[in-house]
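Undergrad: Shown below is the structure under consideration.
The values are calculated or read from the model by the stated rules, or taken from the named source; none is laboratory data. The structure displayed is predicted, hence computed values, not measured ones. We place every Cβ from the backbone using ideal geometry, glycine too, and count neighbours over all the protein chains shown. We work out accessible area using only protein heavy atoms, side chains counted, and drop any ligands, DNA or RNA first. Shrake-Rupley method; radii C 1.70, N 1.55, O 1.52, S 1.80 Å.
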Amino acid sequence: MAPNRRVKRVAASQPGFMTLNTSITPENVVSNRRKRINKNKKKNWNKHIDVNDVEDFLEDVRLQERTTGGLISDKSDESLFFLDAGDKKAATQTVVEPTGRRKASRPLKVDLILKNNSLVPVPKDILAYQLPNAKKLRNVAKKAEQLAAIGKVPKKHRPPTKVDGPTKTTAADAPNNPTRDFYDIWGQETKETRDPWYLRQTGKAPVKRRWKWNEKSSLVPAVEIIAPGGSYNPDFFSHQALLLKAHEVEVKKEKEENKIIKQLAYDKDDRATEESVFQEQVEGLEEEDYDANDFNSACTLGILNLVEKKTEKQRKKERVQKIKEQRRLASRYKTGQHQQLFQLRSIKVSLRQREQRTKERQTQRRANQEAEKYRPRRLGKLKFTAQDLEVQLTNELTGSLRTLKPEGSVLKDRFKSLQKRNLIEPRERAKFKRRLKIKYVEKRSFREIT
């Protein structure tokens with residue numbers, strides 16, 4: 001019997017097999033034998049047990065929570081049903097759909113798809129409301145209250161005995177202490193919890209950031225707005241003003257070039273000739289007449305001048321003259337002091353003028369400092385050179401963007417903007433310098449042909 005059943009099962013599993021009973025499929029014929037499974041194994045519980053009814057029930061519960069915010073069986077009748085009083089006026093009113101611009105006030109379908117239609121409340125993050133070691137903190141606070149009632153101060157809250165000495169690290173300095181302060185790790189400043197005396201002694205104290213480092217290096221905007229004349233279809237006067245500005249820049253460049261040419265120019269009449277060159281070469285070779293008598297007389301006069309001394313009468317006379325000059329200067333100074341008493345009005349006027357000049361200089365200095373924030377600084381050996389103005393001539397203007405001829409380079413504009421805002425120093429393109437000369441060698445194959 002067993003071989004015959006096996007043959008039937010094999011025949012029924014064939015794709016072209018047809019049964020006499022139309023209600024029975026070949027799969028049922030093959031699987032009509034009862035499978036023997038082990039139900040005491042946990043891995044077979046979900047594999048061979050039908051839990052579709054449980055899944056359907058749970059799916060229905062989830063659907064009710066999403067649509068109504070809870071189970072319908074728990075809802076009251078007032079929240080599920082309402083009494084239709086039959087308002088005829090409201091029924092007869094026709095709904096007029098908005099047209100034109102009013103129709104655009106409706107929400108988009110994309111927004112409706114992304115809108116959250118679930119009424120299930122967002123679950124609370126329990127960990128956000130929990131404190132680490134909350135029970136321990138309550139016990140510590142309770143003990144502190146008991147000590148405060150007695151009049152004792154905890155040891156960690158007592159002031160240190162030494163003024164600037166090392167303090168013993170307490171549990172509050174430990175990184176795993178729950179009583180430490182919480183802070184934002186993405187914040188601008190981090191709170192230092194270590195002892196400042198220890199940091200000073202070990203040289204690990206952080207460098208204090210200067211206030212100047214927080215300031216911007218320049219007040220020039222990152223993207224400067226072009227002049228109105230630089231538009232693809234500008235106004236006539238705006239375009240002419242931009243052309244005038246570009247013309248002034250070119251005139252300034254031409255003046256600098258002419259200045260250099262003028263400095264390098266020379267008079268053709270002052271050119272060196274063969275005679276002048278020969279005269280310069282033999283200038284120190286000619287012998288000059290040397291008079292020994294003049295030298296002896298000069299030495300004699302110098303010795304006589306050195307040996308001659310002043311007499312006592314001359315010294316006394318000079319001393320009297322010096323005392324008279326000192327007395328004259330003292331009396332003149334005293335007379336000037338007396339005269340200043342009658343010049344108080346003019347002195348006040350001069351002091352007022354001096355204060356006015358000082359205020360004007362201070363105002364001018366502040367204005368210069370503010371203007372300096374909009375100028376490029378000298379950060380390197382090279383000086384900043386402004387970018388050429390991107391301007392089109394009158395015959396190059398087009399009325400549409402499609403036929404507009406592109407001007408300049410975005411990369412170069414950003415590079416010059418970084419230099420102008422003092423973020424990088426002015427640079428120039430590195431020049432390639434060949435270290436070794438190029439050696440030309442004829443190939444053997446080419447040499448054989450020639």
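Undergrad: How would you order 357-369, 410-422 from highest to lowest mean count of nearby Cβ atoms within 10 Å?
TA: Packing order, densest peptide first, comes out as 410-422, 357-369.
Undergrad: Given 0.36 nm per residue, what is the gain on full extension from ASP77 to LYS115 after removing their alpha carbon distance, in nm?
TA: Between ASP77 and LYS115, full extension yields 10.8 nm more.
Undergrad: Would you list, by chain and number, the lysines whose Cα falls below 17 Å from the Cα of LYS143, excluding same-chain residues fewer than 8 positions away?
TA: Excluding near neighbours in sequence, the set is LYS135, LYS152, LYS155, LYS156.
Undergrad: Hey, with R₀ at 60 Å, roughly what FRET efficiency would LEU199 and ILE323 work out to, going by the Cβ-Cβ distance, to 0.05?
TA: 0.30
Undergrad: Would you please put 223-230, 197-204, 118-125 in order of how densely packed they are, using the mean number of other Cβ atoms within 10 angstrom per residue and starting with the highest?
TA: 223-230, 197-204, 118-125
Undergrad: Sum up the charges of everything whose Cβ sits under 12 Å from the Cβ of LYS310, counting Lys and Arg as +1 and Asp and Glu as -1, but leave LYS310 out.
TA: Counting the neighbours of LYS310, the net charge comes to +3.
Undergrad: While we're here: Run the accessible area of segment 343-450 with a 1.4 Å probe and give the carbon-and-sulfur part as a rounded percent.
TA: Heavy-atom surface of segment 343-450 belonging to carbon and sulfur, 1.4 Å probe: 52 percent.
Undergrad: Between beta-carbons, use under 11 Å as the cut-off and find the net charge around ASN368, counting Lys and Arg +1, Asp and Glu -1.
TA: Charge balance near ASN368 sits at +3.
Undergrad: Within a Cβ distance under 14 Å of ALA149, other residues only, what is the Lys/Arg minus Asp/Glu net charge?
TA: +2
Undergrad: Between GLU145 and LYS405, 0.36 nm times their residue separation minus their Cα-Cα distance comes to what?
TA: 85.4 nm
Undergrad: Would you mind checking LYS253/LYS381; LYS245/LYS420; LYS262/LYS383; LYS253/LYS431; LYS416/LYS439; LYS142/LYS204 for any pair whose Cα atoms are more than 30 angstrom apart?
TA: As for pairs spanning more than 30 Å Cα to Cα, those are LYS416/LYS439; LYS142/LYS204.
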